[in-house]
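Remarks on the structure that follows.
What follows draws every value from the coordinates through simple rules; no lab data is involved. Predicted model, so just to flag it, every value in this text is computed and none were measured. Cβ: placed from backbone, ideal geometry, glycine included. Neighbour counts: every protein chain shown.
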């Protein structure tokens, strides 16, 4: 049959025809596709037809049919060539399952996470190869089983979709091989100069392997320089030690021995300032644990500017400006007889009171500690060392003093900002050919006057190993993706020098490599992290190295590697610097949740309420009430804050207990690059700060921009000008609302706090009163107060408010354990945060100035109380009422009681009427107002159709080979709740059930202490105790019977299963008497 | 100023049976009677319905988070509007049932549209409890005690459960009552209609009514029975709605005075709404002979009476807050309501519900349509504010001081509220156009009674109310 192939009506059209048609098109034309160019029905059919040029299979002759079949079989075989032609499918079942693996049961691996270089031992909970939670390693000296919120939240960083994924060369995707080749070329060129053009910049390094590798590198290139910059490091402490002793040493405190502690701006309970804070917190709490009538309480005096965790639990607290701390230190030192020390107490600090403090210190010398923090200048550290030395030598009674010294834990101790300054100078001088930055973000967090960004541009080749593409990466030619600590082999020292082995619990999700692997590459001998770490430690493992190595991996730390104490010799009192002391002082502090900004892309930490301010998603210019009043500023006012000629736009936050004439700003905010959560306040297109985004989504302001080399911790002459911005700025989860005036009536018993002496002396009286209340309650009750009886365990919890330091570790633990979503600032502003556990902060006036010492009085009675109030922490979550008001009001029975006393939420049954929350007197129920936990793109948190806001950090399109990364962090034992569902604390029912299964398998009862709730586990001070209250010998039952134990809102008749234990304070009786005498006479009782 | 005489009869003007048919029936039969005001009002209502549709669609798509509800104020506009609408729906049944049983003949000219109001208001109200749930697609049937293989039943102790029964029963009985009353009138219109389609529809609606003695006998009995059924419902519905609050332990909610006080408030709001609707309608359709000033005067008196009960309720709330010595209750009721950040709402409520209705003591204000409209509007606003004061304001701060958080509504709260108002207006105006707005046959009976009896007083009676009686 004759066919003209150009005749379309035949239904046949082949490529020849197209070529002709295309060839016929003259001139310059653009087309988007061939289809557009040759858009004919026949072409469409050609495209869609599986067998072109054959209208049906019937037209195929036998030979062609066999050809097609042969081809099909061959193509089918290609599926076996994965990784050759097809992408590798990594989801494979265990062909050979790891030993001890039971599906659905987690495995725990000991590892470590670091913060500012210092390691904390952790146990990684891993489900089928997927790490989901970090818990403290109970055997580890820096953890003791607890873990701070920043370390816990690092699990979320692992699954951060914004992580650096590929090796990038000038903005193009490259490979490690190409990088190694390129860097070797550059290094070879340096060989001749002995590496004079090579600079290495790291953070604080405690890793022996890394230090060893850097040592080798420096040996290879002797003229190269290693710089260290840690924006929130311990440089001042080392420099101070050098001043006092002539050499840098690490200082260690033993709070178990401490009877009297004086904090000179030393927030030793704060993980962001003291690497050993978890251990310190445990020891401090143990030193004031009271059970029944017995127990002794240490006494804590705090001088600090911004109320911190330490100040919040101090028995006496004086708000002083950061620059005034040295005067206090000098005064105390002079009274203690430290040679050469002088000091005049600042205004507002009574000399009589401080004399009493000094007497207290002297009386318990050897068991007293004076501690100062990283925000104080080296001289104060030196002076503190001198004070401690004086106190230790005063009696000589104590064999091992409460303060000890070791060689520096860090491998390369640098003082302050000199190192980064030198690096910047070298860069500006053009002498740097190759800059290797292992981590860090100096463009963002280096002192503003160093102008590191400008300097970096001068580097000929800049290499940045980083977890996220941040401000610094943006200026670097090579960006290398860094592995997460859960993906790599490594080692690091804890605060006391103990060496931890970091082992991976998941294969790297991206192309990342660890710092030591990169260093090995630089040395020209690329090796895996395992080999590098093993090579460091195997020789040091004694007679049976393999056994020792395995034990170290199993335990997570190498035994007996604590740094040995040294005696640094006599401490000299330094010459204290003089400060200009003019104008408004500005104090820079690391952020209690996002640290120096390295956790800015972590939604859990962004939404974690900062301990004192309860702010989320933002930092603020924090002022005392009277300073704000004198400047004419109100809460939440947008201001221009200038210091040293630089200005940022900030929001005011008025903080009772803050020092006057001082403004505190937290570092870490105002990010312009580094991930979608970190940069919520900036326009993603332009990278510019956007007031509207800031108002809605947070992101804060960059306080580092006001920080200079000479004013790293605090500065003078800050200026505040009101701005024209009319923004509703801050999202605080508690207080600072028109309703909050801290009105706690005397009749209310939500909070109980007493001084220790008052508690003991009024114990019987109070017990009698309580008994009367009970009796009255029983008598007035219409119905017999009986609950379901069951001969089995009855779960209950006690919270000892006396030891709670408000550190938030429990909040993050709960979030990680129970798949609690992040909701974003705009939702927090609407009070829709989802944390099951909150730490309520209450202010009260000191007992000495109360009318009736047995009650909490409201500040309005005594205006002075608002300036420096006492602070009480009250962790609050579902108290599992035996007679729960939420249960009868649910129309569908979605919240019901278990026979073991749990108030249970049945998510599947919940229809979301929210009546239960209304009827909950504790307000501990949380509602999914929107689809907070789902990552589906269809459901964002837009509350208006025209806005395109997304939950920060929630992935909206499948990236990363189709895996929605953030979902991987979810705990498979806990239901992920959808929209419209009520949720609340379950007492970690999944852990209860797990223990029940285990006990049934063994045919026994559940053991005391077998169930540990997530909050209890994370708590560094053992504030939370969970267990069976039906078992009279259990710890929880004993705590419940403690005379301090009370049931919050018991008068409502809810019969909570969680009881709180009253807070005790241990003020100095002398100071107490002085203050009582000086207190303003109470106003007339209101009519 | 001399008192304005009030024509003391329930029907004025030269009226015959035919003129009554004409006055009311022509509103249905002669569609030309509906002029610009009708179209304007319908358009207003229809726009509101569109807003409602958008608001509900967006709500179902996104969730409750589009509203301003927060932690701890989990209920706000949703339940405020629910209670408000249910309250408005109270006048109709009260007029139809209780006044029928009390043989108050003046109810005859207002019962029909008051009942229609009830039904539409309950429809508006009914949307809220369902849509305010987080998952309405399951709430729609999980709250019902239907047998299922899982053996899961609703929680019968929950007041929300009782609400489901109370509101659905109320809607059903009101609908039946309304429709039964309409049957003889549909038959009248069927007979009068000249339009074929209209006749067929009316014939179906009149269910074969021929007006035989037997029909009338059955009708009277059934109507009386339904009236007997509805009477307790008038009291029970709002009593049960008040249990949503009274049965809780929330300070400001847990008050035993709530049931009677809510019922009185409902009648109060309901009569205000009846007046707000009746006054413009009788002007628009020239029905002043059937809905006379005397009717308005009676309604104003009931409004005043129920308003005083409500005011007594406010006093008792405060009294109990003090007398119970419950610090939470006292703080909330006295401190927060009187001086808190939302004190304006409370004082406006007192102004609207307590102060302004006192105008009705003076006959001059009961007979002036402007003052009537003013007071009715004030009461309608005041009753909304009352629910606002009770519901979100009690939730904003209760036992735990750390959980005190303010509440602000969003545009969607207002959209949904405005939307239901639009729905109500649209339904009412459709009702005016397609159904007899006044009970024709009862008016005829009334006319018959008035004409057959020797007049007790000379007509037209120029006797001022309250002066000569």
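Things to note:
- The Rg/Rh ratio of the stretch A:506-612, with Rg taken over Cα atoms and Rh as the Kirkwood radius over Cα pairs, comes to 1.14.
- Per-residue packing, averaged as other Cβ atoms within 10 Å, sorts the ranges A:1053-1061, A:719-727, A:697-705 into the order A:697-705, A:1053-1061, A:719-727, beginning with the highest.
- Summarising the label geometry, the points placed 7 Å from Cα in the beta-carbon direction at residue B:179 and residue A:102 lie 6.2 nm from one another.
- Its Cα gyration tensor gives the stretch A:561-608 an equivalent ellipsoid, and the semi-axes of that ellipsoid, as √(5λ) in whole Å with the largest first, are 34, 27, 6.
- Inter-chain shielding of B:157-169 (mean C-beta neighbours from other protein chains, 10 Å cut-off): 3
- Per residue, the convex hull spanned by the alpha carbons of the stretch A:434-479 comes to 58 Å³.
- Fraction of C-alpha pairs exceeding 15 angstrom in the stretch B:393-456: 75 percent, rounded to a whole number.
- FRET efficiency for residue A:412 and residue A:719, using Cβ-Cβ distance with R0 set to 41 Å, rounded to 0.05: 0.65
- Per the Kirkwood formula applied to alpha carbons, the stretch A:299-377 shows a radius of gyration over Rh ratio, Rg over Rh, of 0.93.
- The peptide list A:241-253, A:112-124, put in order of mean Cβ contacts within 10 Å with the highest first, becomes A:112-124, A:241-253.
- Potential lengthening between residue A:883 and residue A:527 on full extension [0.36 nm per residue; Cα-Cα distance subtracted]: 121.9 nm
- Gained length - residue B:449 relative to residue B:103, 0.36 nm times residue gap less alpha-carbon distance: 123.2 nm
- Distance between the pseudo-spin-label points of residue A:559 and residue A:685 (7 Å out from Cα toward the beta carbon): 6.4 nm.
- Neighbouring partner chain Cβ atoms per residue of B:384-397, average, 10 Å criterion: 1
- Across all directions, the shadow cast by the convex hull of the stretch A:418-505 built on its C-alpha atoms averages 6.7 square nanometres.
- Contour excess over end-to-end distance, with Cα ends at residue B:148 and residue B:22 and 0.36 nm allotted per residue: 39.9 nm
- Of the two radii for the stretch B:61-152, the radius of gyration is 1.15 times the Kirkwood radius, both from the alpha carbons; that is the Rg over Rh value.
- Whether chain B is rounded, prolate or oblate, judged on the alpha carbon gyration tensor where a/c under 1.5 counts as rounded: prolate
- From largest to smallest, the equivalent ellipsoid semi-axes obtained for the stretch B:297-432 from the alpha-carbon gyration tensor read 31, 22, 11 Å.
- Sorted by Cβ neighbour density within 10 Å, fewest at the top, the residues A:540, A:1038, A:692: A:692, A:540, A:1038
- Entry for the stretch A:974-1058 at q = 0.18, 0.23 Å⁻¹: log10 I(q)/I(0) = -0.97, -1.25, Debye formula applied to identical alpha-carbon scatterers, no solvent contribution.
- Sorted ascending by nearby beta carbons within 10 Å, beginning with the fewest, A:290, A:680 become A:290, A:680.
- Take each residue of peptide B:248-261, count the partner chain Cβ atoms within 10 Å of its Cβ, and average: the result is 2.
- A simple packing score, the average count of other Cβ atoms within 10 Å per residue, orders the peptides A:760-769, A:508-517, A:617-626, A:987-996 as A:617-626, A:508-517, A:987-996, A:760-769, with the highest score first.
- The protein assembly as shown: C-alpha gyration tensor shape, a/c 1.5 cut-off, then a/b vs b/c: oblate
- Simple spin-label estimate for residue A:294 and residue B:348 in nanometres, 7 Å along Cα-Cβ: 6.4 nm
- By other beta-carbon atoms within 10 Å, ranking A:381, A:468 with the fewest at the front produces A:468, A:381.
- Here the calculated FRET efficiency for residue A:247 and residue A:1002, from their Cβ-Cβ distance with R0 = 56 Å, stands at 0.50, rounded to the nearest 0.05.
- Three-way shape call for the stretch B:194-254 based on the alpha-carbon gyration tensor, with the a/c threshold at 1.5: oblate
- With one equal scatterer per alpha carbon and no solvent term, the Debye-computed log10 I(q)/I(0) for the stretch A:169-263 at 0.13, 0.17, 0.18 1/Å reads -0.70, -0.97, -1.04.
- Considering the stretch A:458-560 at the alpha-carbon level, its Rg and Dmax are found to be 15.8, 52 Å.
- Whole-number Å³ per residue for the convex hull built on Cα positions in the stretch B:118-207: 146 Å³
- Where only DSSP H runs of four or more residues are counted, the protein assembly as shown gives -11500 deg cm²/dmol as its mean residue ellipticity at 222 nm, each run worth -39500 (n - 2.57).
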